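Visitor: Dropping a structure here in structure tokens format, bear with me for questions.
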Amino acid sequence: MYSKTGQAVQVSNLSGEVVLSDDVGGATTFQLVGCRAWDTIPDEQRPHCFSMMYVNQADSYVRHHDSFLRVDPANETYDLPQFDLDSSFILLSDTFYPGLYGLKSINSPYYYITSHDDGRLGIIQRGHISNYYTTRPVSEFMVITRPVNARSCVYFSF
């Protein structure tokens, strides 16, 4: 996963937070998988609901904890229904700009994934997302599909 400015998106080894890296290499790979909270959302949203699994750690997913994104293993949570909600997002196209996608939180429905000023990725309320011309990054990204080892891999560019 890469930022809009080309920065690699990585998982911090110390905190498990999803952050923008200072270096362009070594982007973390997340696999887009079926929505963990599929049974809690309306039928019409189910085809657009996804979770992001961290490929370097078994059964670990990107989730929001308060307003920041982190990677946690599902099997170590004390509240699995909450974990499932925190790790499920609706994939929306053309939310803010044509040709770009946004990820909206399931359990904070007016909140979208974005990068914060300090480099951590998190969720922010739609009304607080700045426009394209400000220094604060917007929450939308491009999806680029490339073949990797005879499989299709999806890259996000925030």
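Visitor: Looking at region 90-100, can you tell me whether even one residue there is in contact with a strand residue (DSSP E or B) (Cβ under 9 Å, 6 or more places away or on another chain), under 17 Å from residue 8 (Cα atoms) and among the hydrophobic types (A, V, I, L, M, F, W, C)? Even if it seems obvious, please write down each step before you answer.
Guide: So in region 90-100, the residues in contact with a strand residue (DSSP E or B) (Cβ under 9 Å, 6 or more places away or on another chain) come out as 90-96, 99-100.
Filter once more, so that each one left must be under 17 Å from residue 8 (Cα atoms): none.
No, because not a single residue in region 90-100 is in contact with a strand residue (DSSP E or B) (Cβ under 9 Å, 6 or more places away or on another chain), under 17 Å from residue 8 (Cα atoms) and among the hydrophobic types (A, V, I, L, M, F, W, C).
Visitor: Got a number for residues in region 49-78 being assigned to a helix (DSSP H, G or I) and either at pLDDT 95 or above or within 14 Å of the chain's Cα centre (by Cα) (or both)? If you could, list the steps in order and put the result at the bottom.
Guide: From region 49-78, those assigned to a helix (DSSP H, G or I) are 74-76; that's our starting set.
Still in the list and also either at pLDDT 95 or above or within 14 Å of the chain's Cα centre (by Cα) (or both): 74.
Qualifying residue count for the region: 1.
Visitor: Got a number for residues in region 16-48 being among the small types (Gly, Ala, Ser), modelled with pLDDT of 80 or more and either more than 17 Å from the chain's Cα centre (by Cα) or surrounded by 14 or more Cβ atoms within 10 Å (Cβ to Cβ) (or both)? Give the steps one after another, and end with the answer.
Guide: Here is the first cut: in region 16-48, the residues among the small types (Gly, Ala, Ser) are 16, 21, 25-27, 34, 37.
Narrowing further to those that are modelled with pLDDT of 80 or more: 16, 34, 37.
Now narrow it down to the ones that are either more than 17 Å from the chain's Cα centre (by Cα) or surrounded by 14 or more Cβ atoms within 10 Å (Cβ to Cβ) (or both): 16, 37.
The number of residues fulfilling the criteria is 2.
Visitor: In region 87-97, is there at least one residue being at pLDDT below 90 and either in a helix (DSSP H, G or I) or on the phi > 0 side of the Ramachandran plot (or both)?
Guide: First pass over region 87-97, keeping only residues at pLDDT below 90: 91-97.
This time we only want the ones that are either in a helix (DSSP H, G or I) or on the phi > 0 side of the Ramachandran plot (or both), so: 94.
There is at least one residue in region 87-97 that is at pLDDT below 90 and either in a helix (DSSP H, G or I) or on the phi > 0 side of the Ramachandran plot (or both).
The values are calculated or read from the model by the stated rules, or taken from the named source; none is laboratory data. Quantities reported herein were computed from a predicted structural model and do not represent experimental measurements. Positions of Cβ are generated from backbone atoms using ideal geometry, with glycine treated the same way; all protein chains shown enter the neighbour counts.
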